[in-house]
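S.K.: Shown below is the structure under consideration.
Here, each number is a calculation from the coordinates, and none is a lab measurement. As the structure is a computational prediction, the values presented were derived from the model and not from experiment. Every residue, glycine among them, receives a Cβ derived from its backbone with ideal geometry; neighbour counts consider all protein chains shown.
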Amino acid sequence: MNLVPPTVEYELLSPLLIVLGAAIVGVLIEAFVPRRGRYPAQLTVAVAAQAAALAAVVKVWLDLGDSVGRTAVMGSVAIDRPALFLQGTLLVIGILGTLLIAERRIASEVDADDGAAGLDAFTPQASAVPGSVAEIQATKAGVAQTEIFPLTMFALGGMLLFGASEDLLTMFVALEVLSLPLYLMCGLARHRRLLSQEAALKYFLLGAFSSAFFLYGIAMLYGYSGELSLAGIGDAVEAGTGDTTMALVGVALLAVGVLFKVGAVPFHSWIPDVYQGAPTPVTAFMAAATKIAAFGATLRIFYVALPGLADDWRPLMWAVAILTMVVGTITAVSQSNVKRMLAYSSVAHAGFILTGVVALNESGLSATLFYLAAYGFSTLGAFAVVSVVRNAAGEEETDMSRWAGLGRRHPLVGVVFALFLLAFAGIPLTSGFVSKFAVFKAAAEGGASALVIVGVCASAVAAYFYVRVIVLMFFTDPPDDAPTVVVPSSLSMAAVVVSAAITLALGALPQPLLDLANDASQFVR
């Protein structure tokens, strides 16, 4: 028997290899570098690697020229423009998320006028029991949590591969690589440790269900087609051979797996709990990046492997999109916690993005890509603002009633947060308006006009609870013991400023990114 060695196109895979290589370097730093030098080393390696990977994405994009794309590693990874668009977006989000995660301003560094709270969101010793002597001693010693950096890089590496996988087995491996670090990251909060650990456990169980459904769906589709590659499954569907019932069961199970990851109804139940309990920088990174990666994989599955079964899966997606928009919007109205309100807003936005998936045309693909990029920056910026609002005990103040008058006392913070909320609502001159217009237009062209009507109505209702927060911040008297805003370091400040600038720029001048998304409107097969 002749064994053929696998071919690895290192240049095409360079963005992924750089990120995963940096993650491995981060593990070595934890093992061999003295504790005092770990933080600057980890931060430098993480940011430099992501910047280098972003440059590599640009180079690969330019090298593709007029071709649709290429496959790598014996056809298991697709290097096409949609994959590169998603990878570039994820890397920019990753850099900003890393800056938020790197925030380590502690109480002793904060001026009295800024309040007594520090901004270090992570427990100094993850393995210590909450409230134990070991944890107290680590806190007093000023130990900085640095394991979070290689975990972030591993998660980001999995995300880069998830949306670029051309066969289901590679996609499953990528799903696990991106998920496992996030489970750990959710349990590292400095304050409210038990709530954080509960969030980690819930996210783990949610991910386990997602992976189980996804893997069972892979088995059913392999049994139907004898193929693991998305193009091979698509060809088998077009040929009409095999047991169609097995294919439909596989599609349903695979859909459940990815819908868990995007947070669609009815698979969203613990998403708000996870967002609330996780450290806010982790929530920001997770809410933005995971949704981008998961929708990238969803688009590739349904646009490459399953367009021949569109008459069967589109009604299912119609129902899920409508449920997601309606339930996410209505539930968000009743929330009194800012992080849970943003979590249910994320659920509603998953429904809006699904309208682009349902469109099943080139306009739907490009509009969805644009929406993912715009939504990612707004989400990361919104959670970054939440992380600096603190009560007297040094904990994040997420009770919405306590935000009364925040815009009066801290106008800049109030204006920036209002900008992100207006973008979520889809108000003109923000990125959210262009995003929703694009996906609704694509859905209408794809014959889903009724879905567009539901989406417009849901957007109108959603505007209420976004505007309610703005009114609370600027037109309501603050309580006597109102929370204060802790001025962050230049790292977090840069993340907020860049997110706000992109949100405004994509609303006022969206054409350059729209052109890039339009260029990325076709998958390689």
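S.K.: Counting other Cβ atoms within 10 Å, keep those with at most 16, restrict to DSSP loop, and tell me which GluC sites (Glu not before Pro) in segment 2-42 are left. Numbers along the way, then the final one.
M.R.: Details: sites: 9, 11, 30; in loops: 9, 11.
Hits after loop and neighbour filter: 9, 11.
S.K.: Then there is this: What's the exposure ranking of 167, 63, going from fewest to most Cβ atoms within 10 Å? Numbers along the way, then the final one.
M.R.: Numbers: 167 24, 63 12.
Going from least to most buried by this count: 63, 167.
S.K.: Something else: Quick one: 3J(HN,Hα) in Hz for segment 266-282, Karplus 6.51/-1.76/1.60 with θ = phi - 60°, rounded, Gly and Pro as x.
M.R.: x, 9, 9, 3, 9, 4, x, 5, 5, 4, 6, x, 5, x, 4, x, 5
S.K.: Right, next: Over segment 14-519, what is the relative contact order in whole percent, taking alpha-carbon pairs under 8 Å and six or more residues apart?
M.R.: Numbers: 904 pairs, mean separation 81.1, N = 506.
Once normalised by length, the contact order is 16 percent.
S.K.: Setting aside same-chain residues fewer than 8 positions from residue 202, which lysines have a Cα under 23 Å from its Cα?
M.R.: Of all the lysines, those that pass the test against residue 202 - Cα under 23 Å, at least 8 places apart if same chain - are 261, 291, 339.
S.K.: I want the local charge near residue 187. Using Cβ-Cβ distances under 10 Å, sum +1 for each Lys or Arg and -1 for each Asp or Glu among the other residues. Don't skip to the end; give the middle numbers.
M.R.: Working: positive: 193; negative: 198.
That sum, taken over residues with Cβ under 10 Å, equals 0.
S.K.: If you average 1/r over every pair of different alpha-carbon atoms in segment 14-519 and take one over that average, what Kirkwood value in Å do you get? Can you show the working numbers first?
M.R.: Working: mean 1/r = 0.0437 Å⁻¹.
The Cα-based Kirkwood calculation yields 22.9 Å.
S.K.: For a quick protection proxy, order the peptides 376-383, 197-204 by their average other-Cβ count within 10 Å, most packed first.
M.R.: Numbers: 376-383: 28.1, 197-204: 20.1.
Listed from highest to lowest mean packing, they are 376-383, 197-204.
S.K.: More than 15 angstrom separation, counting every C-alpha pair in segment 137-212; what % is that? Present the calculation step by step, with values, prior to reporting the outcome.
M.R.: Working: 1756 of 2850 pairs.
Counting pairs separated by more than 15 Å, the tail of P(r) holds 62 percent.
S.K.: Continuing with this model, one more query. Under 5 Å between amide hydrogens, which residues at least 5 positions from residue 80 or on another chain qualify, with H placed 1.01 Å from N in the peptide plane?
M.R.: Excluding prolines and chain starts, which carry no amide H, the hits are 70.
S.K.: Where does helix 81-101 land angle-wise versus the long Cα axis of the chain, in degrees 0 to 90, nearest 10?
M.R.: For helix 81-101, the angle is close to 20 degrees.
S.K.: Let me ask something else about it. Taking 60 Å as R0, compute the FRET efficiency from the Cβ-Cβ separation of residue 195 and residue 2 and round it to 0.05.
M.R.: Numbers: r = 57 Å, r/R0 = 0.95.
For residue 195 and residue 2, the calculated efficiency is 0.55.
S.K.: Quick one: Karplus J couplings for segment 14-29, per residue in order, coefficients 6.51, -1.76, 1.60, θ = phi - 60°, nearest Hz, x for Gly and Pro?
M.R.: Per-residue couplings from phi come out as 4, x, 5, 5, 5, 5, 5, x, 5, 5, 5, 4, x, 5, 5, 4 Hz.
S.K.: Kindly put 261, 441, 140 in sequence by how many other C-beta atoms sit within 10 Å of each C-beta, fewest to most.
M.R.: Details: 261 25, 441 16, 140 9.
Fewest-to-most ranking of 261, 441, 140: 140, 441, 261.
S.K.: Considering only 249, 523, 449, whose Cα is most displaced toward the positive end of the charge dipole of the chain, charges sitting on Cβ of Lys, Arg (+1) and Asp, Glu (-1)?
M.R.: 449
S.K.: Right, next: Roughly speaking, what is the centre-to-centre gap between segment 469-522 and segment 1-57 when only Cα atoms are used, to the nearest Å?
M.R.: 30 Å
S.K.: A follow-up question, please. Using a cut-off of 17 Å between alpha-carbon atoms, which aspartates and glutamates can reach residue 59, once sequence neighbours fewer than 8 places away in the same chain are excluded?
M.R.: Cα-Cα hits under 17 Å: 9, 11, 80, 519.
S.K.: Nearest 20 debye, what's the magnitude of the dipole of the chain about its Cα centre given +1 on Lys and Arg Cβ and -1 on Asp and Glu Cβ?
M.R.: Numbers: 27 positive and 36 negative charges, 169 e Å.
The dipole of the chain has a size of about 800 debye.
S.K.: Could you work out the relative contact order of segment 150-250? I mean the mean sequence separation of Cα pairs under 8 Å and 6+ apart, divided by the number of residues, in percent. Can you show the working numbers first?
M.R.: Values: 106 pairs, mean separation 23.8, N = 101.
Dividing the mean separation by the residue count of segment 150-250 yields 24 percent.
S.K.: Kirkwood hydrodynamic radius of segment 375-481 from all distinct Cα pairs, in Å?
M.R.: On the way: mean 1/r = 0.0661 Å⁻¹.
Averaging 1/r across every pair of different Cα atoms and inverting gives 15.1 Å.
S.K.: Taking the Cβ of residue 275 as the center, what net charge do the other residues with Cβ under 13 Å away carry, scoring Lys and Arg +1 and Asp and Glu -1?
M.R.: Working: positive: 202, 291, 339, 340; negative: 198, 273, 396.
Summing Lys/Arg as +1 and Asp/Glu as -1 gives +1.
S.K.: Could you give each residue of segment 385-394 its phi-based ³J(HN,Hα) in whole Hz, using Karplus coefficients 6.51, -1.76, 1.60 with θ = phi - 60°, and x for Gly or Pro?
M.R.: Result, rounded to whole Hz: 5, 4, 5, 9, 8, 10, 8, 5, 7, x.
S.K.: For segment 389-429, what does the convex hull of the Cα positions come to per residue, in cubic angstrom?
M.R.: Numbers: hull volume 3.4 nm³, N = 41.
Enclosed volume per residue, from the Cα hull, is 83 Å³.
S.K.: Report the one residue of 321, 349, 333 whose Cα lies farthest in the direction of the positive end of the charge dipole of segment 288-367 (charges on C-beta: Lys and Arg +1, Asp and Glu -1; origin at the Cα centre).
M.R.: The residue sitting most towards the positive pole is 333.
S.K.: Right, here's the next one. With point charges of +1 on the Cβ of Lys and Arg and -1 on the Cβ of Asp and Glu, referenced to the Cα centre of the chain, which listed residue (410, 82, 259) lies farthest in the positive direction of the dipole?
M.R.: The Cα lying farthest towards the positive end belongs to 410.
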